[in-house]
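Each remark here refers to the structure printed beneath this line.
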Amino acid sequence: MDKVIVELCDNYRIDRVTEALEKLFEGMGGIGSIIKPGMRVVIKPNLLTAKKPDDAATTHPAVVQAIAALVQKAGGLVCIADSPGGPYNIPSLKRVYAVTGMDEAADETGAQLNFDLRVEKIDNLDALIAKTLKILKPLHDADLIINAAKLKTHRFMVYTGAVKNMFGSIAGLEKADYHLRMDQHDEFADCLIDIYLATKPQINIIDGIIGMEGEGPGSGVPKYLGVLIGSKSGFAADLAALDLINVDYRQVPVMKRAEERKLFDAGQVVFEGADIGSIRCEDFDVPALAYPGRRRLGRKILFLIEKIFRPKPEIIHEKCVSCGKCIEVCPPKTIRKNEENKVVIDYGKCISCFCCHEFCPEKAVRIRKNAARRILEYRRTEGGDK
């Protein structure tokens with residue numbers, strides 16, 4: 001039986017965040033039962049890209065700072081590590097740490113920011129798809145990983161929280177290769193689950209004080225929710241987060257596949273702390289899944305359905321500054337600049353992974369949907385059904 005704790009936290013004041021986190025750890029048996037003196041503890045936040053904390057695209061630095069301070073108080077040695085989108089190099093890490101507020105969190109606590117670019121190849125015996133993978137060396141070497149995720153919608157996978165956050169264990173542009181090879185929801189979901197199982201974060205905390213709705217995970221709208229969620233199970237933590245935003249967990253590929261693989265049982269999750277029913281957000285705007293029921297269709301029909309109904313990214317040229325970030329992160333390399341230095345997409349090769357949308361710093365990529373798609377898509381509306 002998995003336990004998840006939900007604690008109210010109305011803002012990012014460090015004292016408020018610390019108090020809520022202390023209650024989360026108490027609900028998990030007390031931080032002293034988890035962290036032992038001398039332990040090498042890695043905090044793995046969501047550092048999607050160089051976005052300011054108020055954009056709600058990354059784990060808030062106050063949450064990371066408070067976790068680090070509590071771990072240090074228990075005697076742990078803290079490192080903050082993640083692989084943002086794009087190239088995994090020191091200049092990129094420095095920029096992301098500075099813009100997201102991780103520099104300040106490290107300065108306030110003395111925690112180490114990771115600049116070790118090495119990876120470790122591991123065998124993943126529990127995997128369905130990713131049976132071998134390369135993960136960031138500090139995560140491989142850690143005695144304990146604290147997965148500090150952000151509650152957000154995700155244009156391709158519907159939602160991103162604890163389990164998906166561990167995708168950042170894969171270095172740099174290698175993540176694009178996973179998108180390229182696994183461009184179907186369920187297949188990519190299995191891959192994300194495999195990575196989570198391989199990295200084995202012992203503590204999972206979701207920053208839901210201010211989440212992101214709409215066109216997440218990078219271009220959506222901040223949405224106040226006022227909670228922190230904690231569990232030793234990432235699946236249980238995500239179940240609570242989805243309940244909070246009024247989404248049926250079976251509509252989320254990662255959760256659906258985890259249940260089918262018998263990695264978690266929603267009926268065996270125990271909720272403690274705040275009553276989600278009294279704080280549930282009924283109007284959280286959630287992006288679409290692809291046309292439902294497609295897995296029961298033959299391959300030829302599947303191809304036609306995907307071609308007709310799958311949304312596509314579209315460049316908003318009025319906003320685009322031709323920085324080239326979308327070209328850099330595109331897995332199938334289908335984006336280029338034309339003779340007029342305008343960014344264009346070859347839709348014949350596009351796999352609709354939305355990496356361009358996810359990492360565009362100017363919000364110059366929107367999602368284009370045809371009329372049939374808009375009718376059939378799963379979308380949260382005020383007062384609507386799941």
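The values are calculated or read from the model by the stated rules, or taken from the named source; none is laboratory data. Please read all numbers here as calculations on a predicted model, not as lab measurements. Here Cβ is always computed from backbone atoms with ideal geometry, including for glycine, and neighbour counts include all displayed protein chains. For accessibility, only protein heavy atoms count, side chains too; no ligands or nucleic acids. Shrake-Rupley method; radii C 1.70, N 1.55, O 1.52, S 1.80 Å.
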Taking a threshold of 24 Å on the Cα-Cα distance, which of the pairs Lys131/Lys349; Lys94/Lys150; Lys3/Lys164; Lys152/Lys175; Lys152/Lys312; Lys325/Lys349 fall above it?
Lys131/Lys349
Just to confirm my numbers, what's the Cα centroid distance between segment 91-116 and segment 37-58 in Å?
9
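What ranking do 223-230, 41-48 get when scored by the average of other Cβ atoms within 10 Å per residue, highest first?
41-48, 223-230
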May I ask you to derive the FRET efficiency for Asn11 and Arg280 from their Cβ-Cβ distance with R0 = 25 Å, giving the value to the nearest 0.05?
0.80
Do any cysteines in the chain lack another Cys Cβ under 4.7 Å, and if so which?
Cys9, Cys79, Cys191, Cys281, Cys320, Cys323, Cys330, Cys350, Cys353, Cys355, Cys360
Calculated from DSSP H runs of 4 or more alone, at -39500 (n - 2.57) each and per residue, what is the 222 nm mean residue ellipticity of the chain, nearest 500?
-9500 deg cm²/dmol
Which helices of the chain meet both criteria: a Cα extent of 30 Å or more along the helical axis and a mean Kyte-Doolittle score no lower than -1.0, with helices taken as whole DSSP H segments?
none
Mind putting a number on the dipole of the chain about its Cα centre? Charges go on the C-beta only, +1 for Lys and Arg and -1 for Asp and Glu, and I need it in Debye to the nearest 20.
1560
Can you pull the percent of segment 130-222's accessible area that's carbon plus sulfur, 1.4 Å probe, other chains left in place?
54
Can you list the HN-Hα couplings for segment 51-60, worked out from phi with the Karplus curve (6.51, -1.76, 1.60; θ = phi - 60°), rounded to whole Hz and with x for Gly and Pro?
10, 5, x, 5, 6, 6, 8, 10, 4, 5
Please list, in chain and number order, the residues 5+ apart from Ala274 or on another chain whose amide H is under 5 Å from its amide H, with Hs placed from the backbone.
Val6, Glu7, Leu8
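How would you order 355-366, 27-38 from highest to lowest mean count of nearby Cβ atoms within 10 Å?
Those peptides, ordered most packed to least, come out 355-366, 27-38.
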When DSSP beta bridges are limited to those with both residues in the chain, what percentage is antiparallel, rounded to the nearest 5?
55
Under a crude label model (7 Å from the Cα following the beta-carbon direction), how far is Asp346 from Gln184 in nanometres?
2.5
Only four residue types carry charge here, +1 at the Cβ of Lys and Arg and -1 at the Cβ of Asp and Glu. Report the dipole size of segment 147-281 about the Cα centre in Debye, rounded to the nearest 20.
180
Can you sort Glu260, Glu7 by 1.4 Å-probe accessible area, starting with the largest?
Glu260, Glu7
